[in-house]
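A short write-up of the structure that comes next.
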Amino acid sequence: MKKFIIASLLIGASALVAPAQTEFRHVSFEEALAAAKKENKLVFVDFFTTWCGPCKMMSNKVFPQKEVGDFMNAKFIPLKLDAEKEGAALAKQYGVKAYPTYVVMDGDGKEVAKFSGYMDGPKFIEKVTANLDPEQSPERIRARFEAGERTPKVVNSYAMQLMEQRKEDEGFKVIDDYFASLSEADRLKAENEFIFTVYTIDLDNDRARFMISHKNKFTGETAGKINTVLASLYGRKLSSYFSGYMYREGGYKAEEFAQLKKEIADLGFDKDNDNHVIYEFVENRASMNDADYLAFCESNFSRLSARSKDILAINVPRLFDEKDATMKPQLSKFLRAHVGELGAVAIQVVGRSLNSMESGD
């Protein structure tokens, strides 16, 4: 699974170079409402915070896209407001509790739609369009679902609505019940791929097992999407071992890890040579004491990919008993020897680990 934006001034400047991107206006909220009435548009407010990673991704990757800009500029008076600074009062007024949150309102300031989170360009346009459709409004979707309508669009919209309200258990129950109601043939249909591509986030459920056992029965674009989801799920599961999470939680069992490796191979996800190196690290962590495993890490660190080096370094406190006074100097030496090989985020995390180790905390 949970930092942003340089300031709307820079966004405005870049708009001069790429006018097709979303043109966030540098006006007050009152001026935006007046412009909405004059231009017969709606006001779209992107509430962000400076520490929000998804906000930054929307700003840097999504709003500059031509398709998104063309869509937004034609329909809205777009504003960006920092929910902890100049937009704090409005954020409170419109009940903004997550970032980024987008609020669409009419020229009188009446809320028309509200939704949150990062999504790619096509999904963002789809989400905005759905939220402006009376039949897709949260109230109408809930009413349609409660009346017994179980079309893919209603199920997906209602489950996502619950997720956005932080009612994850209820949202997943909607998806699980819908999945259970479908025949095998219906589960394979493109219209139902969302239950796998959007809501299946780990391997420990019936939906994931269905994807695995029916991988070769999906067709068309759906087949490619299912393959991508499965590869990601297996990568995440393998990472939980490699990072030391399973080891630290007492969840490592040799037979279960062997089964994971077999499934990865059977599905064709073991072609990445880095996986085989990771297998060695996982199995040696389970069989070696701290000193021997650190020696193994030192001897084999260069065999890891850049991403795996970051994961290993970041998780040193989980992989070793850093409270062991005899290990602290050795762990510190190991991290300092390899910090130059890490990415920027990993360097920051490792820096905090080193500070903790070397300060005696």
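A few notes on this one:
- Residue satisfying all of: in region 297-308; part of a helix (DSSP H, G or I) and open to solvent by 30 Å² or more (accessible area, probe 1.4 Å); nearest to Ile278 (Cα to Cα) among these: Arg303
- Taking every residue in region 130-146 that is over 12 Å from Lys114 (Cβ atoms) and among the charged types (D, E, K, R) and pairing it with any residue that is open to solvent by less than 60 Å² (accessible area, probe 1.4 Å) and modelled with pLDDT under 90, at least 6 positions away or on another chain, the pairs with Cβ-Cβ distances below 8 Å are Arg142/Gln161.
- Applying the condition of being open to solvent by less than 20 Å² (accessible area, probe 1.4 Å) and of a type outside the set (Ser, Thr, Tyr) to region 239-273 and asking which residue is nearest to Leu203 (Cα to Cα) yields Leu260.
- Qualifying residue in region 170-192 (condition: farther than 30 Å from Asp82 by Cα, aromatic (Phe, Trp, Tyr) and open to solvent by less than 30 Å² (accessible area, probe 1.4 Å)): yes
- Ile264 in contact with an Asp or Glu (Cβ under 8 Å, 6 or more places away or on another chain) and at negative phi: yes
- Residues located in region 105-123, provided they are of a type outside the set (Gly, Ala, Ser), under 23 Å from the mean Cα position of the chain (by Cα) and not in a loop (DSSP other than H, G, I, E, B): Lys114, Phe115, Pro122, Lys123
- Residue under evaluation Glu283, criteria (1) within 24 Å of the chain's Cα centre (by Cα); (2) open to solvent by 40 Å² or more (accessible area, probe 1.4 Å), criterion not met: (1)
- Some residue of region 257-280 being over 24 Å from Gly351 (Cα atoms), under 21 Å from the mean Cα position of the chain (by Cα) and polar (S, T, N, Q): no
- Residue list for region 124-156, filter: open to solvent by 70 Å² or more (accessible area, probe 1.4 Å), out of contact with any helix residue (DSSP H, G or I) (no Cβ under 9 Å at 6 or more places or on another chain) and part of a loop (DSSP other than H, G, I, E, B): Ala147
- Taking each residue of region 277-302 that is over 18 Å from Tyr245 (Cβ atoms) and looking for partners that are open to solvent by less than 20 Å² (accessible area, probe 1.4 Å) and among the polar types (S, T, N, Q) with beta-carbon atoms closer than 8 Å, six or more apart or interchain, yields Val277/Ser308.
- Arg236 being open to solvent by 30 Å² or more (accessible area, probe 1.4 Å), within 22 Å of Phe281 (Cα to Cα), out of contact with any strand residue (DSSP E or B) (no Cβ under 7 Å at 6 or more places or on another chain) and basic (Lys, Arg): yes
- Filtered residues of region 193-228 (kept if part of a loop (DSSP other than H, G, I, E, B), open to solvent by less than 30 Å² (accessible area, probe 1.4 Å) and among the aliphatic types (A, V, I, L, M)): Leu203
- Members of region 80-104 that are in a strand (DSSP E or B), hydrophobic (A, V, I, L, M, F, W, C) and touching a Lys or Arg at 6+ places or on another chain (Cβ under 9 Å): Val103, Val104
- Residue satisfying all of: in region 314-357; within 22 Å of the chain's Cα centre (by Cα) and assigned to a helix (DSSP H, G or I); surrounded by the most Cβ atoms within 10 Å (Cβ to Cβ) among these: Ile314
- Matching residues, region 35-56, being open to solvent by less than 70 Å² (accessible area, probe 1.4 Å) and not β-branched (Val, Ile, Thr): Ala35, Ala36, Lys41, Leu42, Phe44, Asp46, Phe47, Phe48, Cys52, Gly53, Pro54, Cys55
The values are calculated or read from the model by the stated rules, or taken from the named source; none is laboratory data. Owing to the predicted nature of the structure, the values given are computational and were not obtained by experimental measurement. Here Cβ is always computed from backbone atoms with ideal geometry, including for glycine, and neighbour counts include all displayed protein chains. With ligands, DNA and RNA removed, areas are computed over all heavy atoms of the protein, side chains included. Shrake-Rupley method; radii C 1.70, N 1.55, O 1.52, S 1.80 Å.
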